[in-house]
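The structure appears right after this line, and notes come after that.
The values are calculated or read from the model by the stated rules, or taken from the named source; none is laboratory data. Just so it is clear, the model here is predicted, and its values are computed rather than measured. Note that we place each Cβ from the backbone using ideal geometry, even for glycine, and neighbour counts take in every protein chain shown.
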Amino acid sequence: MAIPNQTYKNLSEAMIAKLEKKQYKCQYVEIPRNIIEQLALKEEGGPRADSAPETPASEQNVIVLQNLFKPLLEARPTLIVALGDTATCATAQIFPQIPVVFCMVPNGFDLLARVQSELKTSNVAGLTSDIVPADQIAWIAKIHPQGRRIGLLCSERTRQTAVSLKSAAQARGITISTIEASKDRFPEAMEALSQDAPDSVLMIADSQIYNAANVR
């Protein structure tokens, strides 16, 4: 299970080849970009104009995903491997009783918290693409040994990651100041960060905050 991305596709093909050599039956499903955009619009602003207005956004999402995953529903898999957080959340929503193993996922602490609280399932585990928080803080301390205050922007989707970084920093006598941010209010967040005057700034992967324009 993956979204349209050549890296994900290459990894999926390599995994399937290995599994099939061990006599496992595999089925690859890709979530098309138009469905990803459709789900994102429903999550942010409710049902689209071309959807039935009496159907809640969450129910619309389930209908869309059930249609997409129909071959998997019929195949009754015993395990699902999901590449990326979009595929992970989608499969966890439709297959709550089937173990989902994820990979290529940033901010794993937040993904697990979101899946457990919103989807009410604990059958999700895997490997994140995160660097261990203690290692990140160690690198910052090595680059800037006199620094004792780090500024960090986070959103509701990266709060758990921020907490883990704060804990790792505290163990080294370093304080992390977190500032809630979003793409829409990025200038205000940068102003707050400037007023806080940290010794250094740590950026974490968060699509709710950063895009190509504001990173430049």
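Worth pointing out:
- Considering only residues in the range 180-209 that are surrounded by 19 or more Cβ atoms within 10 Å (Cβ to Cβ) and without any contact (Cβ under 8 Å) to a residue 40 or more places away in the chain, the one that is farthest from V105 (Cα to Cα) turns out to be A189.
- Selection from the range 93-129 of residues that are in a helix (DSSP H, G or I) and not small (G, A, S): Q93, I94, F109, D110, L111, L112, R114, V115, Q116, E118
- Candidates A162, A181, A141, A75 - the one that is in contact with a helix residue (DSSP H, G or I) (Cβ under 8 Å, 6 or more places away or on another chain) and not polar (S, T, N, Q): A181
- Checked against (1) buried (at least 16 other Cβ atoms within 10 Å of the Cβ); (2) out of contact with any Pro (no Cβ under 9 Å at 6 or more places or on another chain); (3) among the aliphatic types (A, V, I, L, M), I98 passes all but condition (2).
- Condition check for T175: buried (at least 18 other Cβ atoms within 10 Å of the Cβ), at negative phi and not charged (D, E, K, R): no
- Per-region count, the range 104-116, residues surrounded by fewer than 18 Cβ atoms within 10 Å (Cβ to Cβ) and closer than 25 Å to R76 by Cα: 1
- Enumeration of residues in the range 19-29 that are in a helix (DSSP H, G or I) and surrounded by 11 or more Cβ atoms within 10 Å (Cβ to Cβ): L19, E20
- Pick from the range 141-161, criterion at pLDDT below 95 and either of a type in the set (A, V, I, L, M, F, W, C) or not assigned by TED's automatic domain parsing to the domain that holds E191 (or both), ranking: surrounded by the fewest Cβ atoms within 10 Å (Cβ to Cβ): I143
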